[in-house]
Amino acid sequence: MKKAQQLDLPLSYPESGRWYVPVKKIKVDERTYALRMGKPVQLGTCYEVASEFRIGRRILARLADAGFIERVRPTPFLSMYYYADVAAFLERTRTDPAFWTSVRKEAYLNGDSPQDASMLS
């Protein structure tokens, strides 16, 4: 039997970029689940990120248009997002109940960044 090896994740290196470690839930029996850490990832396609966080692809695009998360476009027809940005955004909205101010709502609905929208108001 091999001994489990502790891996140094890229998360421990602050200048290495934005990393996210997905966790896979495996059903053992009807009431028990095992959690298994996946490989650290940075970028994912809109399909991958949407399925990981259970968010619609259009919502991801709107959040990127409003400037809440970063979108990377390696080709004109491919959008990729940072997993860590989406996770941080979800955590920020969970911990701050007053996150959706009128300026942020307007930026989300119209695609302008909140900084630009606040200068107009």
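The values are calculated or read from the model by the stated rules, or taken from the named source; none is laboratory data. All values derive from a computational prediction rather than experimental measurement. Cβ coordinates were reconstructed from backbone atoms using ideal geometry, including for glycine residues, and neighbour counts include every protein chain displayed. What goes into the accessible areas is simple: the full protein's heavy atoms, side chains included, and nothing from ligands, DNA or RNA. Shrake-Rupley method; radii C 1.70, N 1.55, O 1.52, S 1.80 Å.
What pairs come out if I take residues in the range 75-91 that are acidic (D, E) and pair them with residues that are at pLDDT 90 or above whose C-beta lies under 8 Å away, six or more apart or interchain? Within 8 Å, the pairs are D85/I69; D85/E70. Confirm whether V86 is open to solvent by less than 40 Å² (accessible area, probe 1.4 Å) and out of contact with any Gly (no Cβ under 8 Å at 6 or more places or on another chain). So V86 passes the test. Whenever a residue of the range 13-24 is modelled with pLDDT under 85, its partners that are surrounded by fewer than 10 Cβ atoms within 10 Å (Cβ to Cβ) and hydrophobic (A, V, I, L, M, F, W, C), lying with C-beta atoms within less than 7 angstrom and at least six residues away or across chains, give the pairs V23/L35. Name the residue that is modelled with the lowest pLDDT, counting only residues in the range 102-121 that are open to solvent by 60 Å² or more (accessible area, probe 1.4 Å) and not in a helix (DSSP H, G or I). Step by step, filter the range 102-121, then rank; the result is S121.
Looking only at residues in the range 89-101 that are in a helix (DSSP H, G or I) and not hydroxyl-bearing (S, T, Y), the one that is surrounded by the most Cβ atoms within 10 Å (Cβ to Cβ) is F89.
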